[in-house]
1. So is residue 219 part of a loop (DSSP other than H, G, I, E, B), within 26 Å of residue 86 (Cα to Cα) and without any contact (Cβ under 8 Å) to a residue 60 or more places away in the chain or not?
2. Only one residue in 39, 76, 60 is under 21 Å from residue 116 (Cβ atoms) and touching a residue at least 40 places away in the same chain (Cβ under 8 Å), so which one is that?
3. Within segment 99-117, is even one residue in contact with a strand residue (DSSP E or B) (Cβ under 6 Å, 6 or more places away or on another chain), assigned to a loop (DSSP other than H, G, I, E, B) and surrounded by fewer than 18 Cβ atoms within 10 Å (Cβ to Cβ)?
4. Looking at segment 148-179, which of its residues are surrounded by fewer than 23 Cβ atoms within 10 Å (Cβ to Cβ), in contact with a strand residue (DSSP E or B) (Cβ under 7 Å, 6 or more places away or on another chain) and either in a strand (DSSP E or B) or at pLDDT below 95 (or both)?
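The values are calculated or read from the model by the stated rules, or taken from the named source; none is laboratory data. Values in this document were obtained by computation on a predicted structure and should not be read as measured data. All Cβ positions, glycine included, derive from the backbone under ideal geometry; neighbour counts span all protein chains shown.
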């Protein structure tokens, strides 16, 4: 049996997640289809095997959170914290994502076809995020490592207190956060954006993007520098 379906209109979510945490690890089922999710929270959280999960509808909070090697596709929109603390694998939201998408992701790829809400990529720790639309305010706040590609616009305070993560924005930026700055795009940046767009299935010219990185002035507190946070 290569595939299996769970209809959340008749099957408890706990039964789905228990299957994904235990039986799916045997590798006998390669693909799991989730029907009638109706905004349920914690769908396909904590995957630890290379199973493919396809959610036919909208997901609630923390869908695909703590993902490791799994592939989660949401054929709808996702609530707060989609792909939160992802370690590896791929989470793809075909619609829109709410606040804190990809928060603290250590690895893997999060793709959002539409817009993302506030704090997208907050405290990013090494994952990659590609957003086909725009992102809300305070996105990439305290992002420590990883890359974000934003094909639309960015809200206020983009990259506030940014560390070593690098952001690429195609549209306008309402404002940059503390210690973030626009830098020239190099050949490596162009190749990076092209590769991430290709992985996300999006087609834009990498030369249209701006690079945002840290000025590295907030790494150490300097009482004489009149620093602002």
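1. In short, yes.
2. The conditions single out 39.
3. Among the residues of segment 99-117, at least one is in contact with a strand residue (DSSP E or B) (Cβ under 6 Å, 6 or more places away or on another chain), assigned to a loop (DSSP other than H, G, I, E, B) and surrounded by fewer than 18 Cβ atoms within 10 Å (Cβ to Cβ), which makes the answer yes.
4. Matches in segment 148-179: 166, 173, 176, 179.
To keep it simple, each residue is scored yes or no on (1) under 17 Å from residue 120 (Cβ atoms); (2) touching a helix residue (DSSP H, G or I) at 6+ places or on another chain (Cβ under 6 Å); (3) outside any loop (DSSP other than H, G, I, E, B); (4) assigned by TED's automatic domain parsing to the domain that holds residue 121.
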{"position": "55", "(1), (2), (3), (4)": "no, no, yes, no"}
{"position": "61", "(1), (2), (3), (4)": "yes, no, no, no"}
{"position": "64", "(1), (2), (3), (4)": "yes, no, no, no"}
{"position": "76", "(1), (2), (3), (4)": "no, no, no, no"}
{"position": "88", "(1), (2), (3), (4)": "no, no, no, no"}
{"position": "92", "(1), (2), (3), (4)": "yes, no, yes, no"}
